[in-house]
Amino acid sequence: MVRKTPKYTLHDGFRMPHGFPAEGFRSVSSYAARPGDLFISTYPKSGTTWMQHIVWLILHRGEPLPAKRKMTEAIPHLEEVGADFVSALPAPRVIKTHLPFAMTPYHEAARYIYVIRNPFDCAVSFFHHTRGFVRHYDFAQGTFADYFECFVAGDVDFGDYFGNVLSWFVRRADANMLFLSYEEMKAEPAAAVVRVGDFLGLELGACVHDAQVLARIVEHSSFDAMAKDQGRWSSARPAEMPPFVRKGEVGDWRNHFSAEQTRRLLKRFAESPQARALQALWPELLQEAEQFAL
């Protein structure tokens with residue numbers, strides 16, 4: 001059976017969305033991380049836009065992004081816009097990346113927030129994301145079965161899910177690292193905001209301990225708030241395609257996975273380094289997946 005696969009661009013052997021400039025990607029190694037830089041790192045579709053909003057709101061005491069400004073300009077994607085663009089940002093620079101740890105510019109006095117999402121929901125969200133960006137992927141007619149084969153093999157943009165998340169997971173206890181799961185952010189959004197604020201420190205994040213400011217941050221970073229104006233978070237997508245901010249649910253994987261696909265992804269999970277520690281993030285989900293796979 002011939003399966004449709006998304007279109008990617010290889011930059012030095014690393015898969016990127018088709019159309020991402022090679023010079024932006026290659027310039028990453030020339031960006032010297034500086035004290036005070038804050039990197040928001042995720043595997044794609046793991047809560048990146050959500051964390052960008054939370055950080056922006058904390059730094060601006062709960063005031064949302066101005067109407068005419070885009071998040072892609074305020075907190076740019078390093079491997080897309082390139083080192084020169086990021087270097088020109090005023091301090092404190094907040095930088096988005098989907099790169100594994102070894103490829104991310106590092107400084108011991110910079111800060112790093114990594115958001116991890118369970119691979120089942122991540123795969124589903126990444127599938128809809130890929131379908132929707134027709135110009136980047138040419139995958140509008142692709143099915144989840146098509147995409148799953150790429151995802152489970154690690155043959156997608158920004159590389160293998162397990163390789164990416166594990167490269168950051170082993171650094172989770174570092175003093176300049178904050179490691180959060182998407183699922184805990186969904187369960188207790190206010191507590192997640194406080195953790196981010198405390199991580200940023202008194203000078204930048206103390207406002208999270210003001211009840212009114214905290215309430216504004218939670219409100220303006222909610223799914224409903226982010227979904228109101230899709231065009232500000234991402235380039236245009238065809239009207240018939242899923243929106244960039246689509247569902248934000250935990251458990252949507254049940255509506256897409258077959259029992260066989262579930263077994264195969266569970267196998268990848270079990271065979272990955274640090275499997276037990278990583279599985280401890282989602283014990284109930286994995287138990288449900290194991291039952292679903294029977």
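Data overview
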item	result
Rounded FRET efficiency, nearest 0.05, which uses the C-beta distance separating E149 from Q291 and R0 of 30 Å	0.80
Fewest-first ranking of T42, T104, using other Cβ atoms within 10 Å as the exposure measure	T104, T42
K267/S222 FRET efficiency (R0 41 Å; Cβ-Cβ; nearest 0.05)	0.70
Residue-count net charge about T9 - beta-carbon cut-off 15 Å; Lys, Arg +1, Asp, Glu -1	-3
Inter-part distance where the stretch 266-294 and the stretch 1-74 are each reduced to a Cα centre, Å	28 Å
Paramagnetic label zone (point 7 Å from Cα along Cα-to-C-beta, S258; backbone N under 16 Å) in the stretch 152-176	152-153
Sites K186 and A102, calculated FRET efficiency, Cβ-Cβ separation with R0 30 Å, nearest 0.05	0.55
Footprinting exposure proxy for T9, T97, T130 (fewest neighbouring C-beta atoms within 10 Å first)	T9, T97, T130
Packing-based exposure ordering (other Cβ within 10 Å, fewest first) of M185, M51	M185, M51
Simple label model, 7 Å out from Cα along Cβ direction - A173 to E284, nm	2.8 nm
Rounded tilt (10° steps) of 259-271 against the dominant C-alpha axis of the chain	60 degrees
Cα pair distances of the stretch 65-188 binned at 5 Å [whole percent]	2, 9, 15, 19, 20, 18, 11, 5, 1, 0
Helix-only [θ]222 nm of the chain, DSSP H runs n ≥ 4, -39500 (n - 2.57) each, per residue, nearest 500	-12000 deg cm²/dmol
R69 versus A109: modelled label distance in nm, points set 7 Å from Cα along the beta carbon direction	2.5 nm
Percent antiparallel among DSSP beta bridges (both partners in the chain, rounded to 5)	20 percent
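Values quoted throughout were computed directly from the atomic coordinates according to the rules given, and no laboratory measurement underlies them. Note that the structure is a prediction, hence the values are computed from the model and not measured. FYI the Cβ positions are ideal-geometry reconstructions off the backbone, even for glycines, and counts take in every protein chain you see.
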